[in-house]
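Down below is the structure, laid out as structure tokens.
The values are calculated or read from the model by the stated rules, or taken from the named source; none is laboratory data. The structure displayed is predicted, hence computed values, not measured ones. Note that we place each Cβ from the backbone using ideal geometry, even for glycine, and neighbour counts take in every protein chain shown.
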Amino acid sequence: MKILRRGAIALVLLLLAVALYLWLAPPGLLRVGANYSAKIVCSNVFLAGRDADEVLRVDVQAPGISLLRAMRVSVDLEHGVVRAGFLGFIGHGLAVARPGMGCTVLPDGNLESLGAAPGTAQPSAADLVAAHLSAAETSAPDTSAAPAQAPPGVDSASMAPILADDKLAGPGMRALLVIDHGRIVGERYAPGFTAATPLLGWSMTKTVVAGLIGMLVKDGKLSLDQSGFWPQVPGDGRDKIRLADLLAMSSGLRFNEEYGAVSDVTSMLYLQPDMAGFAMGQPLAHPVGTVWSYSSGTAVILSHIMQDAAGDGRAFVKERLFKPLGMRSAVIESDEHGTLVGSSYMYATARDWGKYAQFLLQDGVWRGQELLPSGYVAMMASPVAASQGEYGHGQVWLWGSEAATPGVNPDAAFGIPGDTFWMSGHDGQSIAVVRSRQLAVVRLGLTPYSDGYSPQPLLKAVLGAIR
């Protein structure tokens, strides 16, 4: 019995030692999971007004990643602080909400860096949510550029059966919106979500950043042929990367976009206080402009360039894009250093996402005002040769979805017009922009890649219903 007791004591001590070690020096993967959990819960609680336990269960744990099922979170509603950890204490996940700015991950745990330490005067959860949701207006997109005699199209009743088809909507659908010639002709929301609920677009944010870059090109503050964004490292090749190369995902910079482990993209989003510095520090893997390589790091670099050129980047985004378009719910969240995470972190209602799509359908003109250079949207949708026609020169997909077979054009397979381009994001976010039909179809939700969902059948059905 003494031997058994000693063995049990030794086992307990070993487990305590392992737990202490993991608490003091958690592996990178646990830190990624903890910061991801804190960030997702924070944004959905303080931007969308959702229940923290529901978000943890449905958004973080349900998609099936085993590591995340053991995450636990605590929410300080008074100070806007969310903490998360593996088993509740391993990983030190931390995110903070700030008025009008959404949530920020703090990988170094430094609350003081944002002036958000416990005990300081932070708005309450109710104040943050009320302020954001009151801005989530539900007005329709702009119709000022629609033809005087718009095609008859369809009414909402005719579109309803298509949007009600769960197979077309896909598993995990949260919002569907159909805009025909500037008119909303169909809309559907999952239980618990409404037209006033801001939803995460993930990589659809990249296309918004491309539009912001275009505005600065129109202002003369940037040019597509401009280079020299790496002046501190002349001679290693990065100083030759042009703005156009970044927009086309052809910079040549090394960047591992794989998810599910500690890769460049997960490290950037959840372990790096300075995301732009991390992305810009990557070496060249290919000669500039010769290889297409999808990279969230590239999009964060573009955000950094946009903010530098604009001066006050957050004010520029709000005053030059969100405010004119009436996108009152929209917010692009930032990293700890203040760089807007233009690769991944824009929240907006489905209708506000639809306004941006309508803005692109109108070639960057809104209520008679030309906000983008003439021909800029056409440039965005022109194919990058090195992508084999899959990607455009302005952070858009020309044919593709997360579940698409590499090398196979799903748009062509479904008879979708060839001038269609897509905004596409992680977990099944998509906006189809069909220029020849003046049509946009917004689909938002939580649909992991493993579900095999493709938005093309939905778009085909919508196209078939609209004359």
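Here are a few things to note about the model shown:
- Close pairs from the range 29-48: first more than 23 Å from Gly100 (Cβ to Cβ), partner assigned to a helix (DSSP H, G or I) and small (Gly, Ala, Ser), Cβ under 9 Å, at least 6 apart: Val32/Ser267
- Any hit, the range 24-39, residues being at pLDDT below 75 and surrounded by fewer than 17 Cβ atoms within 10 Å (Cβ to Cβ): yes
- Check on Ala440, aliphatic (A, V, I, L, M) and either in contact with an Asp or Glu (Cβ under 6 Å, 6 or more places away or on another chain) or assigned to a helix (DSSP H, G or I) (or both): no
- Hey, Gly277 buried (at least 23 other Cβ atoms within 10 Å of the Cβ), assigned to a helix (DSSP H, G or I) and modelled with pLDDT of 95 or more or not: no
- Of all residues making up the range 285-332, the number that are without any contact (Cβ under 8 Å) to a residue 40 or more places away in the chain and part of a helix (DSSP H, G or I): 9
- Residues satisfying the stated conditions in the range 280-308, i.e. surrounded by 20 or more Cβ atoms within 10 Å (Cβ to Cβ) and aliphatic (A, V, I, L, M): Met280, Ala299, Val300, Ile301, Leu302, Ile305, Met306
- None of Gly389, Gly354, Gly342, Gly338 is surrounded by fewer than 19 Cβ atoms within 10 Å (Cβ to Cβ), assigned by TED's automatic domain parsing to the domain that holds His426 and under 21 Å from the mean Cα position of the chain (by Cα) except Gly338.
- Selection within the range 81-100 - farther than 13 Å from Ser37 by Cβ and at pLDDT 95 or above: Val81, Val96, Ala97
- Selection status of Thr290, of a type in the set (Ser, Thr, Tyr) and more than 25 Å from Tyr449 (Cβ to Cβ): yes
- Pick from the range 410-467, criterion among the aromatic types (Phe, Trp, Tyr) and surrounded by fewer than 20 Cβ atoms within 10 Å (Cβ to Cβ), ranking: nearest to Ser158 (Cα to Cα): Phe414
Residue-wise test of (1) in the same structural domain as Leu200 (by TED's automatic domain parsing); (2) farther than 19 Å from Gly394 by Cβ; (3) of a type outside the set (Asp, Glu); (4) more than 20 Å from the chain's Cα centre (by Cα).
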residue: Gly235; (1), (2), (3), (4): yes, yes, yes, yes
residue: Ala248; (1), (2), (3), (4): yes, no, yes, no
residue: Ser251; (1), (2), (3), (4): yes, no, yes, yes
residue: Pro273; (1), (2), (3), (4): yes, yes, yes, no
residue: Ala276; (1), (2), (3), (4): yes, yes, yes, no
residue: Ser296; (1), (2), (3), (4): yes, no, yes, no
residue: Arg314; (1), (2), (3), (4): yes, yes, yes, no
residue: Val317; (1), (2), (3), (4): yes, no, yes, no
